[in-house]
Structures are given as structure tokens and as C-alpha cells.
Amino acid sequence: MFKGIANLASMLKSAQQVGAKMRQLNDQLQGKRAIGSAGGGLVEIELNGLLEVSRCSIDPTLIEQGDRELLEDLLLAAMNQAIAKGRQLHVEAMREITGGLELPGVQEAIEKFAGMGPAGGDPQPPG
């Protein structure tokens, strides 16, 4: 009976440690930045590591052209690039937190979140 209580206490302590690491991860990611750009830098989107948009920059000459479709396409391209970079920040931070531990399912979850193929391949476009 007492052995079961000791195991439960150990599990609770581990859960608290994981929770503290996750809070640390969120704080760390909030301070990181990922920038996506399109049109040779005419459009830039900046995100933090939590994938929250912090800045959008559009070159005034692009607006003066009045080509709404081009502007929309460039915004989407810059946003998708920034998101891919932001996800990579998240993946790197998760690998740091797990300390390289090979936990069942963790690598697959990281790859799925990052939109990557197995073994850290190139990001895959959303399907």
C-alpha cells in the first residue's frame, strides 16, 4: 500500500516538473521571433514562437500599385513562411526541453506539429 502511495507521489512530482517546463517553454517561445517575407521583402510578417502575429509590414509602393490580388498573394506567402519558421522555433524548443530523450510518440508529434516528414525532412505544404 505504501509503495503505491510513493509511486503516486513520484508521478505527481514528475507532472509538476513537466508543467514547470511547459511554462518555461511558453515564456521562451514568446520571446523568439520568426519573420516571413515575400515579393523580395515588399511584405513581411513577424510572429513570436507561439505563432502570434506581432508585426505586418507592407512596402508603400506595393499599395500604390493597387493590385489587390498581388498584395493578397504576397501576404499569404509571407504568413505561411513565418508560420513555418515559427513552428521550427517550437520544435527546437521542445527538443531542448526533452533533452534528447526518445519518448514514445514525442518525435512523431513534433514532426506533425512542424509539418515535417520523418527524420526532420523539409516542411510539407498543408494538405
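The values are calculated or read from the model by the stated rules, or taken from the named source; none is laboratory data. Predicted model, so just to flag it, every value in this text is computed and none were measured. Reconstructed Cβ throughout: ideal geometry from the backbone, glycine too, with neighbour counts over all protein chains shown. All accessible areas refer to the heavy atoms of the entire protein, side chains included, with ligands and DNA or RNA removed. Shrake-Rupley method; radii C 1.70, N 1.55, O 1.52, S 1.80 Å.
Points worth noting:
- Residue within the stretch 106-117 that is among the small types (Gly, Ala, Ser), out of contact with any strand residue (DSSP E or B) (no Cβ under 9 Å at 6 or more places or on another chain) and at pLDDT below 85 present: yes
- Breaking point among (1) assigned to a helix (DSSP H, G or I); (2) touching a strand residue (DSSP E or B) at 6+ places or on another chain (Cβ under 9 Å); (3) buried (at least 16 other Cβ atoms within 10 Å of the Cβ), for Glu44: (1)
- Matching residues, the stretch 42-58, being over 14 Å from the mean Cα position of the chain (by Cα) and either on the phi > 0 side of the Ramachandran plot or touching a residue at least 40 places away in the same chain (Cβ under 8 Å) (or both): none
- Residue that is least open to solvent (accessible area, probe 1.4 Å), among those in the stretch 7-41 that are without any contact (Cβ under 8 Å) to a residue 24 or more places away in the chain and farther than 24 Å from Gly99 by Cβ: Gly41
- Within the stretch 8-64, tally of residues that are touching a Gly at 6+ places or on another chain (Cβ under 6 Å) and among the charged types (D, E, K, R): 1
- Of everything in the stretch 78-105 that is over 15 Å from the mean Cα position of the chain (by Cα) and either of a type in the set (Lys, Arg) or open to solvent by 50 Å² or more (accessible area, probe 1.4 Å) (or both), the residue that is modelled with the highest pLDDT is Gly99.
- Top-ranked residue in the stretch 63-77 [being of a type in the set (A, V, I, L, M) and modelled with pLDDT of 95 or more; ranked as most open to solvent (accessible area, probe 1.4 Å)]: Leu76
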